[in-house]
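First up is the structure itself, then whatever we jot down about it.
What follows draws every value from the coordinates through simple rules; no lab data is involved. Treat the numbers as computed from the prediction; the structure is a model and nothing was measured. FYI the Cβ positions are ideal-geometry reconstructions off the backbone, even for glycines, and counts take in every protein chain you see.
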Amino acid sequence: MRLATPEDIPALNALIATSARTLSRGFYTESQIDALVRYVFGVDSQLVHDRTYYVLARDTRFAACGGWSARRSMFGGDQAKAGADPLLDPTTESARIRAFFVHPDFARQGLGRALLAHCESEAQRAGFRTAELVATLPGVPMYRALGYRDVELIVHVLPDGTRVDFIRMLHSLDEGDRHDSTAVR
């Protein structure tokens, strides 16, 4: 695992599109997936700049990516952002878990779990006591298994009128509530 760099962004966007187009099948329609890749899914370069976005590589290939943020945005790559993205107050607000994607060739090998444990640890070190995320439907089972609880269903309408469902989820970062990251294979 290492920090993502600006030079990684094109390869990460390709990984994200591949992950979304393959692992979202059965959860979203093809037209929803196309719209998500166009309007939502992608690297938020602010996370790269903030040094809170990570890459996991296997055999010189990007296998997974994900990060956390101390900024207000809940989800979306650069193409989904407009305006300032102010910092959160760790004493009263939740860290954001952001943009987790695994290449289909490396799915279900514990990479998402390892990234999540690392991001939670870093957010906790920055003073956050809770973590919040907006999960895609394919990600919900993993987050639930790792102790995140559903807060609300979000029906998001994309610029082309496509409607997609997400689940906003919350998790405590207290030591007793955190999960073990040793499951990486």
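What number, rounded to the nearest 500 deg cm²/dmol, is the helix-based mean residue ellipticity at 222 nm of the chain, given -39500 (n - 2.57) per DSSP H run of at least four residues and division by all its residues?
Mean residue ellipticity, 222 nm, calculated: -8500 deg cm²/dmol.
Given Cα pairs under 8 Å that are at least 6 residues apart, what percent is the relative contact order of the chain?
Values: 351 pairs, mean separation 38.9, N = 185.
Worked out over the chain, it gives 21 percent.
With the crude spin-label approximation of a point 7 Å out along Cα→Cβ, what separation in nm comes out for Arg2 versus Ala14?
Reported label-point gap for Arg2 and Ala14 is 1.7 nm.
Would you work out the charge dipole size for the chain about its Cα centre, treating the Cβ of every Lys and Arg as +1 and the Cβ of every Asp and Glu as -1, and quote it to the nearest 20 debye?
Its charge dipole is roughly 300 debye.
Which value, to two decimals, describes the C-alpha radius of gyration of the stretch 105-177 once divided by 2.2 N^0.38 Å?
The reported ratio for this selection is 1.23.
Ranking Glu120, Glu30 by Cβ neighbours within 10 Å, fewest first, what do you get?
Values: Glu120 25, Glu30 10.
Result, fewest neighbours first: Glu30, Glu120.
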